[in-house]
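Here is the structure we will look at.
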Amino acid sequence: RAFNFNAGPAALPLEVLQQAQEQFVDYHGAGMSIMEMSHRGALYEQVNNEAQSLLRELFNIPNNYKVLLLQGGASTQFASIPMNFLRPGTTGAYVATGSWAEKAYKEAKLFGETAIVASSEADKFNRIPDVSSLVLPENAAYLHVTSNETIEGTQYQSYPDSGNVPLIADMSSDILCRPVDVSKFGMIYAGAQKNLGPSGVTIVILREDLAQDSPKTIPTMLRYDTHAKNDSLYNTPPSFSVYMVSLVLKWLKEKGGVAAMEQYNRDKTNLIYNAIDNSGGFYRGFAQPESRSIMNLTFRLQSEELEKLFAKESEAEGFVGLKGHRSVGGLRASTYNAVPLESCQALVQFMAEFQKRHG
Ligand code: PLP
């Protein structure tokens, strides 16, 4: 297997892939694959229920929240959020932390009033801005944060307190990487293709009072109440992706759950951050230390040529996905839940050897 540091779609646990392979052609003796079955049948219903209940259990989701399994990726949520929650005279408040927060904000601007209440743009988004005492617009409909900026490699260490205003978080690139107090949020959403499974399904965790009364003027498929009322089976679901998510969640439970996973993620990322910090300036972390992500580790070398060489030589040695995002350059190692410690150890060794050769 490759040392897969892709930012997304990302590495899946080998055990999960093998289990899916075993069940691929014949799911539980049904004589057909899960993706050939009716989504209204008992076997798929079980998968749909299991994905939801495991997520509830592992992420400690309170009973007054709905778990929705949707399509369209997190990008569709960027539009669904303002469509469902903005009303004339209200404002969608956003914290500008980087590339994904900006995309969410731009989409909301298409639908109504918006405001940026904190930003780290002046620092090229190399940190999460101070959100300890945010002033929200009086008529704020919600406060939107991007929990982990996949491209810049920054992550909230603590979330803002938005009072009575629903806090909405894009956790696409860090859901289930650490325990979170879900009750502090009105809504959490995440595309599956980093920590949850393959692309194709998007998880929305929504407080019940927000899952009612979407405006009548928005399309049926984009209304949260449509999916809440129909247990995410309003239309044909992305059944194979949901099935894979249920396997990944079972795997996570076997690994000891989210708290154990956080420790594992910290062990992995400490190795790499230490390698950066102890390189005598050869490697330079992009994110400010107090905002460093335990999912996407961004770093630079002295020149773009050297960065290109790093990407090329690492590929030749079996590493995948270490080139930074095209919009910011540099290098990036994505260490999602399924990335094994061994891959991180191999990377640290490669970094030391590369420095010896070119330092
Ligand atoms: N938000 C974050 C933080 C992401 O990292 C991504 C994808 O990489 C997205 C949103 C967009 O997700 P999707 O491709 O599922 O629309």
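The rows are residues; the columns are (1) more than 24 Å from I218 (Cα to Cα); (2) crowded, with 18+ Cβ neighbours inside 10 Å; (3) among the hydroxyl-bearing types (S, T, Y).
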{"site": "I81", "(1), (2), (3)": "no, yes, no"}
{"site": "Y94", "(1), (2), (3)": "no, yes, yes"}
{"site": "A104", "(1), (2), (3)": "no, yes, no"}
{"site": "A118", "(1), (2), (3)": "yes, yes, no"}
Q: List the number of the failed condition for E305; all other conditions in (1) of a type outside the set (A, V, I, L, M); (2) touching a helix residue (DSSP H, G or I) at 6+ places or on another chain (Cβ under 7 Å); (3) closer than 18 Å to K356 by Cα hold.
A: (2)
Q: Could you please find all residues in segment 156-177 being of a type outside the set (D, E, K, R), buried (at least 24 other Cβ atoms within 10 Å of the Cβ) and over 18 Å from Y105 (Cα atoms)?
A: I175, L176, C177
Q. What is the one condition in (1) buried (at least 20 other Cβ atoms within 10 Å of the Cβ); (2) part of a loop (DSSP other than H, G, I, E, B) that A51 does not satisfy?
A. (2)
Q: Would you confirm whether any residue within segment 274-283 is under 20 Å from the mean Cα position of the chain (by Cα), of a type in the set (F, W, Y) and not in a strand (DSSP E or B)?
A: no
Q.
With the structure loaded, tell me whether I116 is assigned to a strand (DSSP E or B), over 21 Å from S293 (Cα atoms), β-branched (V, I, T) and at pLDDT 95 or above or whether it fails that test.
A. yes
Q: Scan segment 192-226 residue by residue and report those that are among the charged types (D, E, K, R) and either modelled with pLDDT of 95 or more or closer than 30 Å to N6 by Cβ (or both).
A: K194, R207, E208, D209, R223, D225
**Q.** Cβ-Cβ under 7 Å pairs, at least 6 apart or on other chains, segment 63-91 side under 15 Å from D213 (Cβ atoms) and assigned by TED's automatic domain parsing to the domain that holds N235, far side of a type in the set (S, T, N, Q) and modelled with pLDDT of 95 or more
**A.** T90/N139
Q) Within segment 308-338, which residues are more than 26 Å from the chain's Cα centre (by Cα) and of a type outside the set (A, V, I, L, M)? A) K308, F310, K312, E313, E317
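The values are calculated or read from the model by the stated rules, or taken from the named source; none is laboratory data. Computed from a predicted model, the values in this text were never measured in an experiment. Here the Cβ is made from the backbone with ideal geometry for all residues, glycine too, and neighbour counts use every protein chain on show.
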